[in-house]
Amino acid sequence: MGFLMSMDESPSHAAANLAKSGRIVGFQINSARQERNLTRRDLGDLLGVSPEQVERYETGEEAVPAGKLYRISELFGLPVTDFFRQPD
């Protein structure tokens, strides 16, 4: 179903789907960062956020703002859609 809630989908189910998407995005950011041998501090400096904030993004504790995700995709040379792919 993606991010849109169907008429028969409960708000709690939609929230669970959003949380899962956040964890997937975070996992993909973490993987891409590590493949490039960057620390959380390195990425945070490039994004203008703390290493702790990068960690919150990577764990899915907090959603990555669209502008930050776009910037990450530019830095890593990846399409934004790559961050929404299910891990293998």
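Looking at segment 66-80, can you tell me whether even one residue there is modelled with pLDDT of 95 or more, β-branched (Val, Ile, Thr), loosely packed, with under 14 Cβ neighbours inside 10 Å and touching a Ser or Thr at 6+ places or on another chain (Cβ under 8 Å)? Checked against the condition, which is being modelled with pLDDT of 95 or more, β-branched (Val, Ile, Thr), loosely packed, with under 14 Cβ neighbours inside 10 Å and touching a Ser or Thr at 6+ places or on another chain (Cβ under 8 Å), segment 66-80 yields at least one hit. Restricting attention to segment 17-49 and to residues that are assigned to a helix (DSSP H, G or I) and basic (Lys, Arg), the residue that is farthest from the chain's Cα centre (by Cα) turns out to be Arg41.
Scanning segment 42-88 for residues that are basic (Lys, Arg) and without any contact (Cβ under 8 Å) to a residue 12 or more places away in the chain returns a single hit, Arg56.
The values are calculated or read from the model by the stated rules, or taken from the named source; none is laboratory data. Note that the coordinates shown come from a computational prediction; the quantities given were computed from them, not determined experimentally. Ideal geometry is used to build each Cβ from the backbone, glycine not excepted, and the neighbour counts take in all protein chains shown.
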